[in-house]
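Coordinate-derived values only; no laboratory data. Computed from a predicted structure; not experimentally measured. Note that each Cβ is placed from the backbone with ideal geometry, even for glycine, and that neighbours are counted across all protein chains shown.
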Amino acid sequence: MITLLFFAYLKETIGKERLQLGISAMTVKELKQHLASDYGLDLQHVMVAVNEEYAADDRVLQAGDIVAFIPPVSGG
Amino acid sequence: MKFFTITDRPISIEEVVHKVIRPEAGAVTTFIGTVRELTNGKRTLFLQYEAYVSMAEKMLAQIGTEIKERWPEAEVAITHRIGRLEISDIAVVIAVSTPHRKDAYEANRYAIERIKQIVPIWKKEYWEDGTEWVGNQLETKAYPTGKPEGEDVV
């Protein structure tokens with residue numbers, strides 16, 4: 001099981017800030033493709049953080065991971 | 001004392017500055033980011049800031065580490081506010097102290113630029129005629145369709 005977190009417009013589009021997914025060995029890229037087709041989202045340019053650190057598309061996810069989808073940031 | 005903080009309360013400038021004052025310092029610079037009413041002629045009513053708080057605090061601390069690599073004598077404290085902010089409310093305060101002024105200015109500038117690149121904080125503009133999540137670091141564009149498009153994609 002992995003936990004997905006959504007922020008800003010992604011949270012509003014999906015209608016949830018948190019999802020649980022039962023998956024086996026999947027890369028960040030594969031997860032993005034999976035979500036993109038399920039929710040009709042373009043996640044190509046959304047950054048991903050795994051366990052609060054930015055992760056590359058080829059990162060392999062493991063059970064217990066917390067995966068956050070991070071749209072372009074606008075703090076400051 | 002927490003040097004890198006996300007808060008949903010008003011920020012005390014004095015409090016952030018005091019975190020970096022010390023005998024070795026001969027200069028303290030502060031950056032104070034406030035809510036602007038007009039952007040390209042469009043009137044903002046108020047803003048809503050959202051953060052991935054735990055990660056945002058880590059990224060602020062990372063910026064502190066990056067600054068110490070470049071300006072080893074610098075001390076840095078950053079507080080960013082989230083939630084609803086009105087016009088002229090303080091959204092972020094960055095305080096940097098160094099032995100000499102040049103480094104304090106440069107390191108402070110570095111901090112705000114990095115915040116706009118790596119810290120997971122987002123702002124939503126509430127206009128007279130709608131709302132928009134601000135979608136890039138230049139604060140000039142939003143994504144009316146709800147997602148980055150074309151030249152905006154990072």
*Roughly how crowded by other chains is peptide B:113-123, in terms of the mean Cβ count from those chains within 10 Å of each of its Cβ atoms?*
5
*Once phi is turned into ³J(HN,Hα) by the Karplus curve 6.51 cos²θ - 1.76 cosθ + 1.60 with θ = phi - 60°, what whole-Hz value does each residue of the range B:11-23 show in order, with x for glycine and proline?*
8, 8, 4, 3, 5, 5, 4, 5, 5, 10, 6, 6, x
_GluC sites (Glu not before Pro) lying in DSSP loop within the range B:1-97, provided at most 13 other Cβ fall within 10 Å_ = B:E24, B:E37
*Which of B:I63, B:I112, B:I87 moves most in a GNM of chain B, Cα contacts under 10 Å?*
B:I87
*Quick one: dipole size for chain B, taken about the Cα centre, charges +1 on Lys/Arg Cβ and -1 on Asp/Glu Cβ, in debye to the nearest 20.*
220 debye
_If I build a Gaussian network model for chain B, linking alpha-carbon pairs within less than 10 angstrom, which residue out of B:Q62, B:Q117, B:Q48 has the largest mean-square fluctuation?_
B:Q117
*Filter the trypsin sites (Lys or Arg not before Pro) in the range A:6-76 to those in DSSP coil with at most 15 other Cβ atoms within 10 Å of their Cβ, and list the result.*
A:K16
*Could you tell me the distance between the Cα centroids of the range B:68-110 and the range B:4-36, to the nearest Å?*
7 Å
*Once the convex hull of the C-alpha atoms of chain B is built, how many Å³ does it hold per residue, rounded to a whole number?*
119 Å³
_If the elastic network links every pair of Cα atoms under 10 Å, which of B:V92, B:V16, B:V53 fluctuates the most in the Gaussian network model of chain B?_
B:V53
*Search the structure for amide H atoms under 5 Å from the amide H of A:T27, placed 1.01 Å from N in the peptide plane, and list their residues when 5 or more places away or on another chain.*
A:L61
*Net charge of Cβ neighbours under 11 Å - reference B:E24; Lys, Arg +1; Asp, Glu -1*: -1
*Sum up the charges of everything whose Cβ sits under 12 Å from the Cβ of A:Q33, counting Lys and Arg as +1 and Asp and Glu as -1, but leave A:Q33 out.*
-2
